[in-house]
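> There's a structure below that I have some questions on.
What follows draws every value from the coordinates through simple rules; no lab data is involved. Computed from a prediction, not measured in an experiment: that's the story for all the values here. We place every Cβ from the backbone using ideal geometry, glycine too, and count neighbours over all the protein chains shown.
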Amino acid sequence: MKDIILEYVKNEYLDEDEAEEIGLDENTPLISSGIVDSFSMVSLKRFLEKKYGIAIPDDQATPEAFNTVASIVELVKRHQGEKGA
């Protein structure tokens, strides 16, 4: 899951040079570094919901929850767990 989300962020929000320069990994700040802005966050949320068959409530789609790939993975896993409950 981590690799899929990293790949999406690289492809959608960065060019190859930027991705290498930044050294994008699961702990790279996405929101606070400006890689993902509020508009990008909406498209990322939509991608996650479609890809993983989940619904992320708007009140949980916070800059903190979307700031790193690691925090996004945790958010998705939490909602996948709720779906199965």
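> Given Cα pairs under 8 Å that are at least 6 residues apart, what percent is the relative contact order of segment 2-84?
Reported relative contact order: 35 percent.
> By per-residue mean of other Cβ atoms within 10 Å, what is the highest-first order of 50-59, 22-31? Before the final figure, lay out each step's value.
Values: 50-59: 11.8, 22-31: 14.9.
Packing proxy ranking, top to bottom: 22-31, 50-59.
> What spacing in nm lies between the two simple spin-label points modelled at Glu21 and Lys50, each 7 Å away from Cα in the Cβ direction?
The answer from the label model is 2.9 nm.
> Related question: Please give the helix 69-84 orientation as an angle from the longest Cα principal axis of the chain, in degrees from 0 to 90, rounded to the nearest 10.
20
> Would the chain count as rounded, prolate or oblate if I go by the C-alpha gyration tensor, calling it rounded below 1.5 in a/c and otherwise prolate when a/b exceeds b/c, oblate otherwise?
Values: a/c = 1.99, a/b = 1.75, b/c = 1.14.
Taking the square roots of the gyration eigenvalues as a ≥ b ≥ c, the chain is prolate.
> I've got another one for you. Could you list Met1, Met41 so that the one with the fewest beta carbons within 10 Å of its beta carbon is first and the one with the most is last?
Working: Met1 14, Met41 18.
So the ranking, lowest neighbour count to highest, is Met1, Met41.
> Here is a follow-up. Distance in nm between label sites at Ser33 and Glu82, each 7 Å beyond Cα in the beta-carbon direction?
2.8
> Here's something else I'd like to know. State the answer as a single residue: which of Leu24, Ile4, Ile35 lies farthest towards the positive end of the charge dipole of the chain, with beta carbon charges of +1 for Lys and Arg and -1 for Asp and Glu, about the Cα centre.
Of the options given, the answer is Ile4.
> With charges only on Cβ, +1 for K and R and -1 for D and E, what is the dipole size of segment 1-78 about its Cα centre, in debye, rounded to 20?
That gives segment 1-78 a dipole magnitude of about 580 debye.
> Next up: Among the aspartates and glutamates, select those whose C-alpha is under 19 Å from the C-alpha of Lys50, and discard any that sit fewer than 8 residues away in the same chain.
Asp3, Glu7, Glu12, Asp58, Asp59, Glu74, Glu82
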